[in-house]
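I have placed the structure first, in the form of structure tokens, so that the comments after it can refer back to it.
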Amino acid sequence: MNGFNPRFTDLPDYILKCTAQIWEGRDIAALDWHYGENLIVRTPAGINHGNAAGKANTMAALSEFPDRQLLGEDVIWCGDDQSGFLSSHRIVSTATHSGGSFGPATGRPVTFRTIADTLPCGVEAHGTSAAKEFYIGLRSALPSATFKIEHQIGRHDQMLSPRSAIRWSLTGKHEGYGRYGTPTGAEVHVMGVSHAEFGPWGLRRETTLIDDIAIWKQILLQTREQE
């Protein structure tokens, strides 16, 4: 890959090795050359700008989960070394809660999944009915919300099933019963990321992440303002 250190064989190798260097290796300084100064980080908690904010968030996460290990499940990507790359990195993390934004230290072991572009409920389901139940619960809570695909990547690599990464959003009012209880009329923006794997008969496996805590926060902040 032109412009990359020769130790990286391809983009997934670059993503996996850089992630390990920064997180398991605790090499915060590496962010200075892996992150651009005009970095924009969008999460359900908000939007941060600049490398300094990215470094601060990384250090805060490592302080809260000092033994965090990031296990890469997949890297779905597009682009080339001429026009640029975009990757969607799915990760399972294991860690011990040592205090921070999630409250005083509990010492509890935690496991959570992220897609870098938490999974509070940790739902694992099998079959068409379970998948429909998840999406109907979300959609019925926001019946008039606008669904938008923000970005999509498709890959068909050797020795792997066809895969796709889709970043999407759902924006509208909490005006229906469903995943978030009694309707409140609160304006809600849901950020979602889905990884899909396809087989000879269609969709074989899907991983979809939304941040329920961030969604509940939007609802509760607006309902408390009305009280």
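The values are calculated or read from the model by the stated rules, or taken from the named source; none is laboratory data. Quick caveat: nothing in here was measured; it's all calculated off a predicted structure. Neighbour counts are summed over all protein chains in view; Cβ atoms, including those assigned to glycine, are modelled from backbone coordinates with ideal geometry.
Is it true that R108 is basic (K, R), modelled with pLDDT of 80 or more and loosely packed, with under 14 Cβ neighbours inside 10 Å? Against the criterion (basic (K, R), modelled with pLDDT of 80 or more and loosely packed, with under 14 Cβ neighbours inside 10 Å), R108 qualifies.
If you take the residues of segment 168-183 that are out of contact with any Pro (no Cβ under 9 Å at 6 or more places or on another chain) and surrounded by 18 or more Cβ atoms within 10 Å (Cβ to Cβ), which of them is nearest to R155 (Cα to Cα)?
At the first step, the residues of segment 168-183 found to be out of contact with any Pro (no Cβ under 9 Å at 6 or more places or on another chain) are 168-171, 179-183.
Then keep just the ones that are surrounded by 18 or more Cβ atoms within 10 Å (Cβ to Cβ); that gives 170, 179-180.
Values: L170: 25, R179: 32, Y180: 34 Å.
The extreme case among them is L170.
State yes or no: is F8 farther than 23 Å from V190 by Cα and assigned to a strand (DSSP E or B)? So F8 fails the test. What are the residues in segment 183-208 that are outside any strand (DSSP E or B) and out of contact with any His (no Cβ under 9 Å at 6 or more places or on another chain), if any? Across segment 183-208, the qualifying residues are P200, W201.
Would you say T207 is of a type in the set (S, T, Y) and either modelled with pLDDT of 95 or more or assigned by TED's automatic domain parsing to the domain that holds R42 (or both)? It is false that T207 is of a type in the set (S, T, Y) and either modelled with pLDDT of 95 or more or assigned by TED's automatic domain parsing to the domain that holds R42 (or both). Is it the case that segment 43-53 has a residue that's modelled with pLDDT under 90, under 19 Å from I213 (Cα atoms) and in a loop (DSSP other than H, G, I, E, B)? For segment 43-53, residues modelled with pLDDT under 90, under 19 Å from I213 (Cα atoms) and in a loop (DSSP other than H, G, I, E, B): present.
Regarding segment 35-54, can at least one residue be identified that is of a type in the set (D, E, K, R), in the same structural domain as F112 (by TED's automatic domain parsing) and surrounded by 14 or more Cβ atoms within 10 Å (Cβ to Cβ)? Before the answer, list the steps.
Kept after step one, since they are of a type in the set (D, E, K, R), are these residues of segment 35-54: 37, 42.
The next check asks that each one be in the same structural domain as F112 (by TED's automatic domain parsing); those that pass are 37, 42.
From what's left, surrounded by 14 or more Cβ atoms within 10 Å (Cβ to Cβ): none.
So far as segment 35-54 goes, no, none of its residues is of a type in the set (D, E, K, R), in the same structural domain as F112 (by TED's automatic domain parsing) and surrounded by 14 or more Cβ atoms within 10 Å (Cβ to Cβ).
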